[in-house]
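Working notes, structure below.
The values are calculated or read from the model by the stated rules, or taken from the named source; none is laboratory data. In this text the structure is predicted, and so the values were computed from the model without any measurement. Here the Cβ is made from the backbone with ideal geometry for all residues, glycine too, and neighbour counts use every protein chain on show.
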């Protein structure tokens, strides 16, 4: 019996489909057993991939980790598996936006996109009638105390990056560039204006906590930026259904929905595994169209395959979550993936969160963000 261990995150969207697919894979391959373990969303973002690669055969990862994985030679390069080249090519053409490409670094494919996500807007369709289309309209709704916005550190920097890219000025991963000072400070000011109008609890909330609240209370009816979770659009998942739409524009162009920070997850194989062939067979099956739009979705997953996002039956099952947010995903922004970016993401998020709390000035915050970003370009280089 080949026993493989995997690590994923502890929300039903992250864990349930892995457990169900592992069980089905075992039924079809009795000599292979895959045991999935889970960790919190924060631990999912924080734990170094190097530690996971030594402990697990399979890993559900976030794409900014691929730079570290590449430099330290931690993850198997899927493009060298000759048997699966045709399938890899099919998956590259079935990507939701840049999801598949996000796991390609230095011309190597380090994971398969099994889950696609980006910040979108969330709302209670049974209460709100006209969705805000611009940031100014979001502010007006927030003044009525009807808006929630998750801005704990990791989500604070996600919003900063999204707004920057939406304005046509994404952060530049070259030393000394980062982002124009006036633009960077104007984004921080926009964020502070909104942070001052939403519940203070938002400073410690993530998207899951926000959606849990919105789906069980009637006072909050809109969120402008949070990672979408199709689970909350399904009947019976929570007390009330949450609907999702594209992000609002942060300039005068009401149709501008570009720049949302691409998220989602990929399925990667550790180079330390002793069961490479079983890991490959399982990974490519989970990422396939047949699994993604059937077993994976219906066990609570949020697929990373375009055909699943466009599937009529799936959209009917989740109040058109995928159909209504696909444009945002297709126009999303890909984060830097060099080894060191995660250092900046952690520190930058904390700097922004402290500013939004009123603990620091806008000048200090931006100066430190730029300094830490430049430092991140070299922090892990030998």
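Restricting the first residue to region 70-99 and requiring it to be closer than 22 Å to residue 307 by Cβ, which pairs with a second residue that is surrounded by fewer than 18 Cβ atoms within 10 Å (Cβ to Cβ) and modelled with pLDDT under 95 meet a Cβ separation below 6 Å and a spacing of at least six or different chains?
Taking only residues 6 or more apart or on different chains, not a single pair turns up.
List the number of the failed condition for residue 18; all other conditions in (1) modelled with pLDDT of 95 or more; (2) surrounded by fewer than 18 Cβ atoms within 10 Å (Cβ to Cβ); (3) out of contact with any helix residue (DSSP H, G or I) (no Cβ under 6 Å at 6 or more places or on another chain) hold.
(2)
Tell me, yes or no, whether region 9-21 has at least one residue that is more than 24 Å from residue 208 (Cβ to Cβ) and in the same structural domain as residue 281 (by TED's automatic domain parsing).
Restricting attention to region 9-21, the residues satisfying the condition of being more than 24 Å from residue 208 (Cβ to Cβ) are none.
The answer is no; no qualifying residue exists.
What are the residues in region 324-363 that are in contact with a helix residue (DSSP H, G or I) (Cβ under 8 Å, 6 or more places away or on another chain) and free of Cβ contacts under 8 Å to residues at least 24 places away in the same chain, if any?
First, pick out the residues of region 324-363 that are in contact with a helix residue (DSSP H, G or I) (Cβ under 8 Å, 6 or more places away or on another chain): 326, 329, 333-357, 360-363.
Listed by number, the residues that qualify are 351, 354, 360, 361.
For region 22-29, does any single residue satisfy the condition of being over 22 Å from residue 300 (Cβ atoms) and surrounded by 14 or more Cβ atoms within 10 Å (Cβ to Cβ)? Don't jump to the end; show me each part of the working.
Our first condition is that a residue be over 22 Å from residue 300 (Cβ atoms); within region 22-29, this holds for 29.
Within this subset, residues satisfying the condition of being surrounded by 14 or more Cβ atoms within 10 Å (Cβ to Cβ) are 29.
Checking region 22-29: at least one residue is over 22 Å from residue 300 (Cβ atoms) and surrounded by 14 or more Cβ atoms within 10 Å (Cβ to Cβ).
For region 213-251, give me each residue that is under 22 Å from the mean Cα position of the chain (by Cα) and without any contact (Cβ under 8 Å) to a residue 24 or more places away in the chain. Steps first, answer last, please.
Going residue by residue through region 213-251, those that are under 22 Å from the mean Cα position of the chain (by Cα) are 213-215, 222-234, 237-238, 241-250.
Selection gives 237 alone.
Name every residue in region 120-172 that is in a helix (DSSP H, G or I), touching a residue at least 60 places away in the same chain (Cβ under 8 Å) and over 18 Å from residue 331 (Cα atoms), in order of residue number. Walk me through how you get there before you give the answer.
If we filter region 120-172 for residues that are in a helix (DSSP H, G or I), which is where we start, we get 135-142, 153-166.
Among the residues that remain, those that are also touching a residue at least 60 places away in the same chain (Cβ under 8 Å) are: 135, 137-138, 141, 153-166.
Those that are in a helix (DSSP H, G or I), touching a residue at least 60 places away in the same chain (Cβ under 8 Å) and over 18 Å from residue 331 (Cα atoms): 135, 137, 138, 141, 153, 154, 155, 156, 157.
Of the residues 359, 315, which is surrounded by fewer than 23 Cβ atoms within 10 Å (Cβ to Cβ) and not in a helix (DSSP H, G or I)? If you could, list the steps in order and put the result at the bottom.
Values: 315 fails: not in a helix (DSSP H, G or I).
Of 359, 315, the one residue that is surrounded by fewer than 23 Cβ atoms within 10 Å (Cβ to Cβ) and not in a helix (DSSP H, G or I) is 359.
Residue by residue through region 320-342, note down the ones that are surrounded by 19 or more Cβ atoms within 10 Å (Cβ to Cβ) and either modelled with pLDDT of 95 or more or in contact with a strand residue (DSSP E or B) (Cβ under 8 Å, 6 or more places away or on another chain) (or both). Before the answer, list the steps.
Of the residues in region 320-342, the ones surrounded by 19 or more Cβ atoms within 10 Å (Cβ to Cβ) are 321-322, 324-326, 328-329, 331-333, 335-342.
Within region 320-342, 321, 322, 324, 325, 326, 328, 329, 331, 332, 333, 335, 337 qualify.
Yes or no: region 274-294 includes at least one residue that is assigned by TED's automatic domain parsing to the domain that holds residue 77, within 30 Å of residue 151 (Cβ to Cβ), touching a residue at least 40 places away in the same chain (Cβ under 8 Å) and crowded, with 20+ Cβ neighbours inside 10 Å.
First pass over region 274-294, keeping only residues assigned by TED's automatic domain parsing to the domain that holds residue 77: 274-294.
Filter again for within 30 Å of residue 151 (Cβ to Cβ), leaving none.
No, there is no match, as no residue in region 274-294 is assigned by TED's automatic domain parsing to the domain that holds residue 77, within 30 Å of residue 151 (Cβ to Cβ), touching a residue at least 40 places away in the same chain (Cβ under 8 Å) and crowded, with 20+ Cβ neighbours inside 10 Å.
Give the residues of region 51-80 that are out of contact with any strand residue (DSSP E or B) (no Cβ under 9 Å at 6 or more places or on another chain) and either more than 11 Å from residue 271 (Cα to Cα) or crowded, with 22+ Cβ neighbours inside 10 Å (or both), sorted by residue number. Reasoning before the result, please.
Within region 51-80, the subset out of contact with any strand residue (DSSP E or B) (no Cβ under 9 Å at 6 or more places or on another chain) is 51, 64, 68, 71-73.
Within region 51-80, 51, 64, 68, 71 qualify.
Per-residue answers, yes or no, for (1) in contact with a strand residue (DSSP E or B) (Cβ under 9 Å, 6 or more places away or on another chain); (2) surrounded by 16 or more Cβ atoms within 10 Å (Cβ to Cβ):
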residue	(1), (2)
115	yes, yes
141	yes, yes
159	yes, yes
167	no, yes
181	no, no
201	no, no
207	yes, yes
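Before we move on, is residue 306 surrounded by 19 or more Cβ atoms within 10 Å (Cβ to Cβ) and assigned by TED's automatic domain parsing to the domain that holds residue 185? Steps first, answer last, please.
Details: surrounded by 19 or more Cβ atoms within 10 Å (Cβ to Cβ): yes; assigned by TED's automatic domain parsing to the domain that holds residue 185: no.
Taking the combined requirement at face value, the residue does not satisfy it.
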